[in-house]
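Following: one structure in structure tokens, then a few remarks.
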Amino acid sequence: MHARTRRARPRLLAGALLVCTLAACGPATPEVTPEPVADEVEVFTWWASGTEKLALDAAAAVFAEQHPQTVFADAAIGGGAGSAAKDLLWSRLAAGDPPDTFQVHGGAELAEHVANHDLRPLDDVLDEIGLAAVLPAAVLDSIRVDGDTYAIPSNLHRANVLWANTDVLRDAGLEPTAAFDSLDDWLVALDAVDATQVTPLVLGSAWTQVHLLEQLLIAHLGPEGYRGLWDGRTDAGSPEVTAALEDFERLLAYTNDDRDSLDWEDAAFRVANGEAAFLVMGDWSLPAFRSAGASIGSDVVWAPSPGTSGVIDLVVDAFAVPTEAPHVGGALQWVATIASAQGQTALSAAKGSIPARSDTSLQALHPYQQQTVAALRRDELVPSLAHGGAADTATLDAVTAAVGAFTTGTTAVAELQAALVHALTSR
Ligand code: GAL
């Protein structure tokens, strides 16, 4: 979709040459390195509305406390998982109009930016705060490219969560639990809900469909097999992948008709309100349930999505700083805030995530989050496809298109699998 080619850059240099020509300045002109501008920071995210905006506001409030002289300019563009923001970001970067700092996923998505634009190495920031010592190794890996650090992680999400409304389950004659030993057990529960008037499994638009398929791939391939999809060790044409796609097809039969126009937060509200029984979604939905008045642990319960127990499908939210950021000083202040224990706690407490740093107090966090912190230490971590950790944009776009063709009924399992093989082998 995007032309990922390194832009012919130096806008500033071109400007400087022009000034020199007009002023006829000679080689004697002293070179002046301007101080990084720090009176403002434009922060580009997709945390534009609902509970995500509240979380960003919470981090911005810490920023205002830590850097009272700097104006925080919120440049958030709505759409879950950056579905609209990422395209705009790429065009701004390509046009030489970068924000001061932008949200980016650790892993493949960050590496792609590093290959295509000039991002400021942030090793100094990392060292100054002593961050390397308190980040899990997988997180540290995800923000480094060829040994250099290009983003500062703000928070970590778990993507493989099954959420369930307990009243809906009881009304269908089921145990009020989201924990299923196998996909088959879950299908039995979905059947029971299907016999009532309630949507068994609420599903949203394109990226949430990829998000659901991703959990089935992890369930069928296991963490090692799933990781192998992204580095060529696992054949996407294998029978295990076929089985995952067949389960995907089975699950679609239990989903809502309006899925293609539903974003994740409204899907979460349907579970909170009892209009749907189950949702497979990352833990950014925790605050959405709570804002709808649901108590987590009683009204809404959760478990690793079926077949993924012992694995965390990890999403690393981080911030990068383009070399040409107009307010580099402000950007460095922002990454310092989101790297600070106070910034990380404020953001995660409002966002359902956990701090990326392992040395923050967990007191302000919900018991769900405290359990996730413990799980992070013991579970296998795998990178998310739908959330930029596992593969580059072209691959994700190709998989998303193939999934869309399948969920809208244009293709069958065999064609979807062929499209996955093509997307993964033609890179
Ligand atoms: C993810 C992001 C999360 C959350 C979610 C839904 O990609 O990492 O922080 O914003 O999308 O929008």
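Throughout, read-outs are computed from the coordinates displayed, never taken from laboratory work. Predicted, not measured: the structure shown is a model, and the values here were computed from it. Ideal geometry is used to build each Cβ from the backbone, glycine not excepted, and the neighbour counts take in all protein chains shown.
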* Asked: Can you find even one residue in segment 154-162 that is more than 12 Å from the ligand (Cβ to nearest atom) and surrounded by fewer than 19 Cβ atoms within 10 Å (Cβ to Cβ)?
  -> no
* To do: Could you tell me which residue of segment 378-412 is farthest from the ligand (Cβ to nearest atom), considering only residues that are in contact (Cβ under 8 Å) with a residue 24 or more places away in the chain and hydroxyl-bearing (Ser, Thr, Tyr)?
  => Thr408
* To do: Check whether at least one residue in segment 257-269 is more than 26 Å from Gly78 (Cβ to Cβ) and away from the ligand (no atom under 16 Å from the Cβ), and report yes or no.
  => no
* Asked: Restricting the search to segment 340-356, which residues are more than 18 Å from Trp284 (Cα to Cα) and surrounded by 24 or more Cβ atoms within 10 Å (Cβ to Cβ)?
  -> none
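Here are Leu174, Leu131, Leu126: which of them is in contact with a Pro (Cβ under 9 Å, 6 or more places away or on another chain), more than 22 Å from Thr395 (Cβ to Cβ) and touching a residue at least 12 places away in the same chain (Cβ under 8 Å)?
The match here is Leu131.
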* **Answer residue from segment 361-377, given it is touching a residue at least 60 places away in the same chain (Cβ under 8 Å) and of a type in the set (A, V, I, L, M, F, W, C) and is surrounded by the fewest Cβ atoms within 10 Å (Cβ to Cβ) among those** => Ala375
* To do: Would you mind telling me which numbered condition in (1) away from the ligand (no atom under 16 Å from the Cβ); (2) touching a Ser or Thr at 6+ places or on another chain (Cβ under 6 Å); (3) within 30 Å of Ala219 (Cβ to Cβ) Ile354 fails?
  => (1)
* Any idea how many residues of segment 59-110 are aliphatic (A, V, I, L, M), within 16 Å of the ligand (Cβ to nearest atom) and in a loop (DSSP other than H, G, I, E, B)? -> 4
* Give segment 312-330 a look and list any residue that's in contact with a Phe, Trp or Tyr (Cβ under 8 Å, 6 or more places away or on another chain) and within 16 Å of the ligand (Cβ to nearest atom), or say none. => Phe319, Ala320
* Structure fact -> Residue hits (segment 250-264; in a loop (DSSP other than H, G, I, E, B), charged (D, E, K, R) and surrounded by 15 or more Cβ atoms within 10 Å (Cβ to Cβ)) are Asp263
* Structure fact -> Note: among Ser348, Ser309, Ser305, Ser285, just one is within 13 Å of the ligand (Cβ to nearest atom), hydroxyl-bearing (Ser, Thr, Tyr) and within 30 Å of Gly225 (Cα to Cα), namely Ser285
